[in-house]
Amino acid sequence: MKLIIDSKPVAIPAAESQSFQELCSGVMDWLMDQKRSISSCKFDGRLVKTIEEADSIFDSAMLCEIESIPIEIAMQSALALQCNYLGELESRCEKLVTESLLSDPREIIETWRGICDNLKQQISFIPQLGALLTEDQVDELINERMECFNHLMKDAAAALSAADVVQFSDVLELKLIPWLQHYREFLREHLPGN
């Protein structure tokens, strides 16, 4: 496959990739050395918007055209998205505060699992902040906020294990929701214009 990045032909090992994920990973590694990130990707002139779409046409494509943007801009965009996701997660937790007192415990556990999956995604974003934040800021985020987060998650698990819906509701309302609000504010401080 011929690989063009920012309108220039590029000969890197990623061009010989056997899957879109391999290609994407190889191109990202190459771009990171230049402090850039993928902005858009076209296969044979067709703009792909999802990984699934890229996977479906990857094998037959002859030409891959990638446009890049500075890593700071990509990270700021990702940061804005994370803030939005945190707001949605906060709303789900607020709803669960009341639902946990009124709904079937099995439904609550299922909803909580979904929230936990989303929380894991939020936490896995933290290492990427190194492109925008200083080491000290990332360390503060990990050391202070994550220690608090680990404690409140243990409290939530203990309340669910004991089938104590009142305690579980309190953990959400008094600990998790404020944690999400503070984390979102921390991220917002690093958005452009703040």
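Residues are listed down the side, and each one gets a yes or a no for (1) in a helix (DSSP H, G or I); (2) modelled with pLDDT of 90 or more; (3) in contact with a Leu (Cβ under 6 Å, 6 or more places away or on another chain); (4) surrounded by 12 or more Cβ atoms within 10 Å (Cβ to Cβ):
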position: Gly87; (1), (2), (3), (4): yes, yes, no, yes
position: Ser124; (1), (2), (3), (4): yes, no, no, no
position: Pro127; (1), (2), (3), (4): yes, no, no, no
position: Gly130; (1), (2), (3), (4): yes, no, no, yes
position: Met153; (1), (2), (3), (4): yes, yes, no, yes
position: Ala159; (1), (2), (3), (4): yes, yes, no, yes
position: Leu180; (1), (2), (3), (4): yes, yes, yes, yes
position: Tyr183; (1), (2), (3), (4): yes, no, no, yes
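For the range 40-69, a residue qualifies if it is small (Gly, Ala, Ser), assigned to a strand (DSSP E or B) and surrounded by fewer than 15 Cβ atoms within 10 Å (Cβ to Cβ), and exactly one does: Ser40.
Number of residues in the range 53-73 that are under 30 Å from Arg184 (Cβ atoms) and touching a helix residue (DSSP H, G or I) at 6+ places or on another chain (Cβ under 8 Å) equals 3. When Arg188, Arg145 are checked against the criterion of being closer than 17 Å to Ser77 by Cα, of a type in the set (Lys, Arg), within 20 Å of the chain's Cα centre (by Cα) and surrounded by 13 or more Cβ atoms within 10 Å (Cβ to Cβ), a single residue qualifies: Arg188. Considering Arg113, Arg92, the condition of being of a type in the set (Lys, Arg), touching a residue at least 12 places away in the same chain (Cβ under 8 Å) and in the same structural domain as Ala163 (by TED's automatic domain parsing) is satisfied by Arg92 alone. For Glu99, the test of being touching a helix residue (DSSP H, G or I) at 6+ places or on another chain (Cβ under 7 Å), under 30 Å from Gln167 (Cα atoms) and of a type in the set (Asp, Glu) is passed.
The values are calculated or read from the model by the stated rules, or taken from the named source; none is laboratory data. As the structure is a computational prediction, the values presented were derived from the model and not from experiment. We place every Cβ from the backbone using ideal geometry, glycine too, and count neighbours over all the protein chains shown.
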